[in-house]
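Here the structure is laid out as structure tokens; the discussion comes afterwards.
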Amino acid sequence: MLKNALRAIALDAGYLGSKRKPALRALAYAPFRVAMLMRLASGGGWLGRIARGRLLSRGIDVSPGARIDGALKLPHPVGIVVGSGVHLHGNTTIYQNVTVGGDGHGGYPSIETNVIIYPSAIVYGRITLASGTRVGAGVVLNRDTKPNEKIKAATR
């Protein structure tokens, strides 16, 4: 578990690396540290309990059992909830106040690569967010998406 977490943390550092924020400076970047804690918390065990406690102090709850593969980017890491059966496949970006969780009947989302979930969105149920999906701010989503689909909140 720890070996996989360390490998994934290296992916996060590379994903965040740019001319402005080189990968070697990623540890100084708060969203990177939160992504690292999310990976450790999802693995459970004593290390997961410690990491989960640190995350809860920021208003972030990652249930043990959530699978976080590939790179994870959290531009504003506050108020994020990830349920126990959620599977993040990689290169996922999650903004503040997002809930990704179950439907109460054991169904959890599977989020494929290159998905962006914008602030205050709720994604729940046994659904798959296809690669390249963009979930807009304030959207409540409980259906499968097509590749590169953009889901917007309903306007009045």
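Among the residues of the range 82-112, not one is buried (at least 17 other Cβ atoms within 10 Å of the Cβ) and free of Cβ contacts under 8 Å to residues at least 12 places away in the same chain. Scanning the range 128-156 for residues that are in contact with a Lys or Arg (Cβ under 6 Å, 6 or more places away or on another chain) and surrounded by 15 or more Cβ atoms within 10 Å (Cβ to Cβ) yields Ala130, Arg134, Gly136. Considering only the range 113-127, state which residues are buried (at least 21 other Cβ atoms within 10 Å of the Cβ) and within 18 Å of Arg39 (Cβ to Cβ). Correct list: Val115, Ile117. Residues that are in contact with a Lys or Arg (Cβ under 9 Å, 6 or more places away or on another chain) and free of Cβ contacts under 8 Å to residues at least 24 places away in the same chain within the range 64-75 comprise just one, Pro64.
Among the conditions (1) modelled with pLDDT of 95 or more; (2) within 22 Å of Gly43 (Cα to Cα), Lys146 misses just one, which is (2).
The values are calculated or read from the model by the stated rules, or taken from the named source; none is laboratory data. Because the structure is predicted, anything quoted here is derived from the model rather than measured. In this analysis, Cβ positions are derived from the backbone assuming ideal geometry, glycine residues included, and neighbour counts consider all displayed protein chains.
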